[in-house]
Amino acid sequence: MKKHILPALKITALSIAICCIIYSLLILAIAQAAPNKGEGQTILVNGQVKGYLCEGQSFTRDNYFNGRPSAAGYNAAGSSGSNKGPSNPDYLKDVQARVDSFLVHNPGKIKSEIPSELITASGSGLDPDISIQGAMIQVERIAKARNLSVEKINELIIQHKEKPLGGLFGTEKINVLRLNIALDTLK
């Protein structure tokens, strides 16, 4: 019995050291190397908090870019996706309502042109980014609402493109909050 318990206790102690102590210190070191030391990044405009860089927000007015829908109601405390599957009637009803709303606010567009991220919620319910295509499909609506040229808004999108991590991981994207704040500075 002694020959089985002693090795088991050693493996348990080693596993606790690796999983609880070493892993935690490694993650802490990585967070300290991140922008703002892993504390998140608050966006201030004229001394007022406009939002948080890593958290999706609701923009519903026609003069702003819309971000990704949230299954959590944009509540970071209750961050979650929906557990409704693609054949769930409630889920299909939600997606169809988002498609209908998008088409009403973006006349001249057709359903097949709408990028999926504009009508489906992310896994966290708080995705702050959209694709370049997701931004480009909204340009005409925003140009009309703000009485700006399409070219000026396209230029703004190009200026705010974020490259994939390390040039390899992911796709080009745009942070909706940063883009909308920049949009407010255009004359």
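Observations on the model:
- Options 128, 164; residue that is in the same structural domain as residue 63 (by TED's automatic domain parsing) and within 28 Å of residue 92 (Cα to Cα): 128
- Some residue of the stretch 105-118 being hydroxyl-bearing (Ser, Thr, Tyr), within 28 Å of residue 165 (Cβ to Cβ) and modelled with pLDDT under 75: no
To keep it simple, each residue is scored yes or no on (1) surrounded by 13 or more Cβ atoms within 10 Å (Cβ to Cβ); (2) touching a Leu at 6+ places or on another chain (Cβ under 9 Å).
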{"site": "103", "(1), (2)": "yes, no"}
{"site": "111", "(1), (2)": "no, yes"}
{"site": "119", "(1), (2)": "yes, no"}
{"site": "123", "(1), (2)": "no, no"}
{"site": "140", "(1), (2)": "yes, no"}
{"site": "152", "(1), (2)": "yes, yes"}
{"site": "170", "(1), (2)": "no, no"}
{"site": "176", "(1), (2)": "yes, no"}
{"site": "183", "(1), (2)": "yes, yes"}
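- Matching residues, the stretch 122-150, being over 23 Å from the mean Cα position of the chain (by Cα) and of a type in the set (A, V, I, L, M): 143, 145, 148, 150
- With a requirement of 1 or more residues that are polar (S, T, N, Q) and modelled with pLDDT of 90 or more, the helices (runs of 4 or more DSSP H) lying completely within the stretch 120-187 that satisfy it span 132-136, 150-159, 176-185.
- Residue check, residue 67 exposed (fewer than 15 other Cβ atoms within 10 Å of the Cβ), assigned to a loop (DSSP other than H, G, I, E, B), at pLDDT 70 or above and small (Gly, Ala, Ser): no
- Given (1) assigned to a loop (DSSP other than H, G, I, E, B); (2) under 18 Å from residue 62 (Cα atoms), number of the condition residue 99 does not satisfy: (1)
- Enumeration of residues in the stretch 70-104 that are aliphatic (A, V, I, L, M), under 19 Å from residue 127 (Cα atoms) and at pLDDT 80 or above: 95, 99
The values are calculated or read from the model by the stated rules, or taken from the named source; none is laboratory data. These figures come from a predicted structure and were not determined experimentally. So basically every Cβ, Gly included, is an ideal-geometry build from the backbone, and we count neighbours across all protein chains shown.
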